[in-house]
Amino acid sequence: MYILAVETSTEKASVCVLKDGNKVSHVSADGNRAHNKMLFEMIGQVMDEAGITTDDVEILAVGSGPGSFTGLRVGVSAVKGIAVGAHKKILPVPSIDAVALNVLADNPGEKFAEIILEGKQKDYFHARYKRSGGDVKKITEIIVLPYKENCYINGICAGNVPQEFTGMDKYSDGYFPDAYYIGKLAYERKNDASEDYSFEPEYYKEFKVR
């Protein structure tokens with residue numbers, strides 16, 4: 001089973017092709033304009049490297065947030081367009097879930113993880129997770145907290161919020177949502193994929209013009 005996964009919820013856009021849950025090809029790009037200018041080029045690159053076309057892809061997976069309003073709209077719209085045109089199943093995967101899987105994979109001795117992702121308005125998104133086989137299970141709702149409000153309770157705390165804004169001593173930064181982990185979760189959740197293209201990104205906050 002080939003899965004094409006796209007993640008654009010932060011400034012670090014990424015695309016990955018997986019076969020049976022294993023990475024085949026992967027590309028990422030930094031920059032606020034990477035999504036708009038480079039996304040389809042990145043998709044073409046990973047598919048060329050994997051030696052496949054959309055005919056070979058069974059599921060298209062996309063990071064559904066929370067994160068950048070613009071980035072999420074670009075990624076979700078692109079994946080929907082490909083899926084509709086090729087009559088393929090689609091699966092939205094919460095971007096924060098992908099970070100949790102990454103963090104727990106890097107810390108095999110931990111059963112729980114506290115994940116915090118930058119909200120860009122002097123705040124961050126927070127949710128608590130636990131292992132669930134090859135998947136992760138969210139055990140709290142996603143909430144928005146102001147900088148330096150401590151969310152650490154049990155397990156490792158990690159995310160992409162700069163250390164100085166967390167107010168936490170035990171914290172690992174530099175964890176961004178990535179298409180590889182979106183694809184890994186899509187493989188675990190493949191039975192949820194469908195041709196229902198009506199879903200929207202999970203913003204969790206109202207858009208504010210600055």
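The values are calculated or read from the model by the stated rules, or taken from the named source; none is laboratory data. Just so you know, these numbers come straight off a predicted model, no measurement behind them. FYI the Cβ positions are ideal-geometry reconstructions off the backbone, even for glycines, and counts take in every protein chain you see.
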*Would you point out which residue out of GLY85, GLY109, GLY134 is of a type in the set (Gly, Ala, Ser), farther than 22 Å from ARG189 by Cβ and not assigned by TED's automatic domain parsing to the domain that holds VAL57?*
GLY109
_Those residues of region 120-138 which are surrounded by fewer than 20 Cβ atoms within 10 Å (Cβ to Cβ), at pLDDT 90 or above and within 18 Å of the chain's Cα centre (by Cα), in sequence order_ = LYS130, ARG131, SER132, GLY134, ASP135, LYS137, LYS138
*Which of the following residues is touching a Lys or Arg at 6+ places or on another chain (Cβ under 6 Å), of a type in the set (Val, Ile, Thr) and crowded, with 23+ Cβ neighbours inside 10 Å: ILE3, ILE59?*
ILE59
*asked:* Tell me the residue from SER9, SER14, SER68 that is out of contact with any helix residue (DSSP H, G or I) (no Cβ under 7 Å at 6 or more places or on another chain), of a type in the set (Gly, Ala, Ser) and closer than 22 Å to GLU202 by Cβ, please.
replied: SER68
*Can you tell me which residues in region 154-186 are touching a strand residue (DSSP E or B) at 6+ places or on another chain (Cβ under 6 Å) and assigned to a helix (DSSP H, G or I)?*
ALA179, TYR180, ILE182, GLY183, LEU185, ALA186
*Does LYS205 satisfy being within 22 Å of VAL76 (Cα to Cα), among the charged types (D, E, K, R) and crowded, with 16+ Cβ neighbours inside 10 Å?*
no
*Considering each residue of region 20-59, count those that are in contact (Cβ under 8 Å) with a residue 24 or more places away in the chain and in a strand (DSSP E or B), and give that number.*
8
